[in-house]
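Remarks on the structure that follows.
The values are calculated or read from the model by the stated rules, or taken from the named source; none is laboratory data. Being a predicted model, the structure only gives us computed values, none of them experimental. Cβ sites come from the backbone with ideal geometry, for glycine too, and all protein chains shown count toward neighbours. Ligands, DNA and RNA are stripped out before the accessible areas are found, and what is left, the full protein with its side chains, is counted by its heavy atoms. Shrake-Rupley method; radii C 1.70, N 1.55, O 1.52, S 1.80 Å.
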Amino acid sequence: MSKGVLFDIAGVLYQGDKPLAGAAEAVSTIRDTGLPVRFLTNSTRRPKRVILDKLQGFGIDADPEEILTPAAAACAWLEENGLAPHLLIHPDLEEDFAKCSKSGPKAVVVGDAGRYFTYERLNAAFRLIQDSAPFLALASNRVFRDADGELSLDAGAFVRALEYSSGTNALLFGKPSPAFFHSAAQSMGLEPAEVTMIGDDAESDIAGALRAGLGAAFLVRTGKYQTGDEARYKPRPTAIADGVRAAVELFTEGRD
């Protein structure tokens, strides 16, 4: 029996500047059961402040401590290891690293820099990695649903390019890293097997959650979902729903 729920954000609760149907009601339904909720995102173009404002602006009940981001996890790791970040990220995300050390040994931090993925910036990061700087990837997603409604390249392609050229594997902080899912469960005082994930990415959200030992993972046919995704990656989803509201209905029915 699940004792907590993780919601992916983009593609599940909202898409671009519009909430998805039933998102606020779905979160409220889970809260009404008394179960804890966390919002687990791989978004690395927008700071946590903006994500929180969007959720609340769409009537979705969320507190800052309930939103877990790869940037926050990376900042904690940098502090623990006495390192300063060399950032290859979108400028909008830089505020989430403002409190990090500005001096000392460098670690390369790669997020979704979008059009700021220039050759010069990629090559500068490559040279630091070649010189033995730790290599941190905030996410490794293949694609995301862009503002024009089409799929676009996500950070994973650029992470792979740096891994290929440097011969160094990145330390992953976002989904599907088991540590990311485990930290979410721990923040609710739960074991991974007591948690259910709801997401639109069959690879990172769903298969990643199940490989990390979560008890269930529901795939929604919104956001980046494409026909056939449910059979494309293993482990396969616990259940599939047309949207987040339908996913929560399946979740609550399963508790009866």
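General observations
- Modelled spin labels at residue 171 and residue 120, positioned 7 Å past Cα toward Cβ, are 2.9 nm from each other.
- Whole-Hz ³J(HN,Hα) from phi, Karplus 6.51 cos²θ - 1.76 cosθ + 1.60, for region 110-125, glycine and proline x: 10, x, 7, 7, x, 6, 8, 7, 8, 4, 4, 6, 5, 5, 5, 5
- Euclidean distance between Cα centres, region 167-246 to region 32-83, Å: 16
- Computed log₁₀ I(q)/I(0) - Debye formula, equal Cα scatterers, no solvent, region 87-230, q 0.08 Å⁻¹: -0.25
- Accessible area expressed per residue, region 76-230, with surrounding protein chains retained (probe 1.4 Å, Å²): 46
- Contact order for the chain, expressed relative to its length and based on alpha carbon pairs under 8 Å spaced 6+ residues apart, stands at 21 percent.
- Separation in nanometres of the label points that stand 7 Å from Cα toward Cβ, at residue 17 and residue 236: 4.0
- Cα gyration tensor category, rounded, prolate or oblate, for region 3-77 with a/c compared to 1.5: oblate
- For the chain, the dipole from Cβ point charges (+1 on Lys and Arg, -1 on Asp and Glu) about the Cα centre works out to 560 debye, to the nearest 20.
- For a label point 7 Å along the Cα-to-beta-carbon line of residue 151, residues of region 186-204 with backbone N under 18 Å: 199-204
- Stretch gain in nm, segment residue 81-residue 227, where the contour uses 0.36 nm per residue and the Cα spacing is subtracted: 48.3 nm
- The 1.4 Å probe gives accessible areas that order 106, 54, largest first, as 106, 54.
- Angle between the chain longest axis and helix 48-57 axis [Cα atoms, degrees, rounded to 10]: 30
- Computed over the Cα atoms of region 31-144, the ratio of the radius of gyration to the Kirkwood radius (Rg/Rh) comes to 1.03.
- In the chain, the calculated helix contribution to ellipticity at 222 nm averages -9000 deg cm²/dmol per residue, counting -39,500 (n - 2.57) for every DSSP H run with n ≥ 4.
- Accessible surface of the chain, 1.4 Å probe, proportion on carbon and sulfur as whole %: 49
- With both labels modelled 7 Å from their Cα along Cα-to-Cβ, the residue 61 to residue 179 distance reads 3.3 nm.
- Where Cα atoms sit under 22 Å apart: lysine pairs in the chain separated by 8 or more or lying on different chains: 13
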